Amino acid sequence: MANTDQGRPTKAQRKEQARIEREEIHRKQASRSRNRNIGIIVGVVVIAAVVGLVIVLGGNNNTDDAATPTSSAPVLPQPDTLAGIMKAQPWPNNTEQLPARLAELNLPQLSDTAGALHHHIQLYVYVDGQSVVVPANIGLSSQAASPLHTHDDTGLVHVESADPDFAPVLGQFMDVWGVYFTKDCLGDQCNQGNRQVRVYENGQQYTGDPTLMPLSDLTAVVITYGTPADLPDPMPSSFPSAG
């Protein structure tokens, strides 16, 4: 079901937006490269300070201290309960029932203002060795907008959140898209024998629940269903570089 919302950007506007976004990503990559050595030095200093503090305190294990809190993964809804969930291909951007899905997902507000979280993930999807297009305008319509979305059909996923502490996971993006996705199924294909759902981050297979895989900035994420022989070769192992 294709998006027919009014007010949707034109193809030329989407291309220009994509160009601007990719220039921003390339600047971010260059900045990361410049700051890497500084980060290493700072990290060494911090580690030394912590070690020194432990020595001074003598390894005090006061049982009255509160336990260190641990971060918890988001609770995802059962995909069958989401409005407009898609199983059989094709998988268009599926925005007609986007407002109803977003009401269930409890995501932060979209924001691209200064201080907001703005990350990028390159997403690839393969079913039985065939590449699946990640369409433009996933998560964006004239009625609703998600902090997890696409602008074009290159697979570039944008995370633009008013909450700077938002830590999205892969299942949340797939729920925004409305494609049925669990640890065992992708669309209408579910694990059987050596035909399985496999997910990779920067070339390394993710061995936990793939719906809960963090969407870290500037990473390449590959969702596959099929046999090991159906995996892309070469497997995308890094976020596309400026070159």
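The values are calculated or read from the model by the stated rules, or taken from the named source; none is laboratory data. Note that the structure is a prediction, hence the values are computed from the model and not measured. Cβ placement follows ideal geometry from the backbone for every residue including glycine, while neighbour counts extend to all protein chains displayed. When the accessible area is computed, the model is the full protein with side chains, heavy atoms only, and any ligands, DNA or RNA have been set aside. Shrake-Rupley method; radii C 1.70, N 1.55, O 1.52, S 1.80 Å.
Below is a table of values for the structure above.
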read-out	value
Accessible surface of Asp112 - all protein chains present, 1.4 Å probe, nearest 10 Å²	120
q = 0.12, 0.25, 0.26 Å⁻¹, the range 144-230: log10 I(q)/I(0) [Debye, one scatterer per Cα]	-0.38, -1.42, -1.49
Label-point gap, in nm, between Ala73 and Ala114 - each point 7 angstrom along Cα→Cβ	3.8
Rounded to the nearest 10 Å², the accessible area of His119 at probe 1.4 Å	50
Inter-site label distance for Thr227 and Asp153 at 7 Å from Cα along Cβ, in nm	3.0
Cα shape, the range 82-163, gyration tensor, a/c 1.5 rule	oblate
Solvent-accessible area of Ile20 with every protein chain in place, 1.4 Å probe, in Å² to the nearest 10	70
Amide H contacts under 5 Å for Leu156, placed H, 5+ residues apart	Leu123
